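Written out below as structure tokens is the structure these notes cover.
Please treat every number below as a calculation from the coordinates, not as lab data. Predicted model, so just to flag it, every value in this text is computed and none were measured. Cβ sites come from the backbone with ideal geometry, for glycine too, and all protein chains shown count toward neighbours.
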């Protein structure tokens, strides 16, 4: 049976566990809302990973891991434009700029970083292309999955807890009515400030996440920290029309509503 | 005949069934089943669909009280029971802080279902290890405007007070609009 499905039903951690236990060889393709990730395994070991929107070239990876400077990156991009990653790697080692260890370490960090990023994806579809390996010109590594699986399990637990704390992203946020707290004096991260900027009873958390390009886990994580700090409160969106089914309760006639409630109050007092 | 409905919700074993039993004029129509999971065997039976109690207000009006199942695996019933409710009561076991997170989750879920008034009750306040109300308010992250009321669900007067407080809240919100 084809290994494909939805991240809502099958998490990245579960997929890694399956690949690890079954010693699978092939490429896991995960299509998230904003990007596509490709993770390649050989006999259950991680050998390669890429995100479509990132520069996955060796030069780009080395620059990101600060093994080369931005200037060196520009020069390499210009002068070694026709070289593939393997050729560029051999050139850098032979020229004495970097060691094989530097290159392998950078690649491992980069691939692990992509898998970690995948742990935050809760929306998306995946499929596993059996026996499909990384592009021939890319440098593979070989990494055990156990540590990543343990890390993913921890993150999964965090996700479950955050979902319990903030079950719906269709609610809004408002600043707490607590005089004396000046938000300017609070140390917030850049992401927290971006969320704070949109805190308004008119904006749902889902809208804020979209505007700040945060995924479900990231927005919940930030909102949770703001809630814990007592800076914001979760409220119903101001302009949301709620489809309640009134049944017998008169919704429009206020005096009638009051009379009804008062009748119930009188009766309960008399019990 | 006009009918109105109040929902009593809260975590597993918070005292919802007992609350309705204390005030209902009919024997509570209960859907209790024996507990199967060892981890949940702090009582013998639990509600799996709903509890149902009734108070006749007058010839033309009846108040129904619905108790929701406390275990998460029966939460598909929550939304069904919340339809058209006048308000809701969130029951929290004051002596089991490990259920506060669940209570918070249930409260948020019900708030998302309908913008109806609600009160939170700190049940089992007669127990020695019951938490203080202020500590509970902090732990449950309740806004100061939300009523957190002490309760002993097997005491009819205590239950009456809670129902009245919910009705006063409904009245106040009605007047504020």
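Legend: ranking of residues A:10, B:19 from fewest to most surrounding C-beta atoms inside 10 Å; resulting order A:10, B:19.
In the protein assembly as shown, the DSSP beta bridges split such that about 65 percent are antiparallel, to the nearest 5.
Kirkwood radius and radius of gyration were both taken over the C-alpha atoms of region A:172-235, and their ratio Rg/Rh is 0.93. Give me A:171, A:143 ranked fewest to most by other Cβ atoms within 10 Å of their Cβ, as a rough exposure proxy. Ordered by Cβ neighbours within 10 Å, fewest first: A:143, A:171. In region A:82-212, the alpha-carbon atoms span a convex hull of 212 Å³ per residue. In the protein assembly as shown, the ratio of gyration radius to Kirkwood radius, Rg to Rh, stands at 1.10 when only Cα atoms are counted. Rg and Dmax, both from the Cα atoms of region A:4-163 and both in Å, are 16.5, 52. Starting from the Cα gyration tensor of region B:109-177, take the square roots of the eigenvalues, sort them a ≥ b ≥ c, and report rounded, prolate or oblate (rounded when a/c is under 1.5, otherwise prolate if a/b is larger than b/c, else oblate). Oblate is the answer for region B:109-177, as a/c is 1.5 or above yet b/c matches or exceeds a/b. Shown for A:153, B:14: other C-beta atoms within 10 Å of each C-beta, ranked fewest to most, produce the order A:153, B:14. Of all the options A:26, A:230, A:152, the one that moves most in a Gaussian network model of chain A with Cα springs shorter than 10 angstrom is A:230. Taking every residue in B:78-86 and counting other chain Cβ atoms within 10 Å of its Cβ, the average works out to 3.
So, by mean Cβ neighbours within 10 angstrom, what's the order for A:189-197, A:215-223, B:152-160 with the highest one leading?
On the way: A:189-197: 14.8, A:215-223: 20.3, B:152-160: 18.4.
By packing density, highest mean first, the sequence is A:215-223, B:152-160, A:189-197.
Divide, for region B:54-177, the radius of gyration over alpha carbons by 2.2 N^0.38 Å, where N is the residue count. It would help to have the intermediate numbers written out before the result.
Working: Rg = 14.6 Å, N = 124, 2.2 N^0.38 = 13.7 Å.
Normalised by 2.2 N^0.38 Å, the Cα Rg of region B:54-177 equals 1.06.
With a Förster radius of 45 Å applied to the beta-carbon distance between residue A:213 and residue A:258, the computed FRET efficiency rounds to 0.40.
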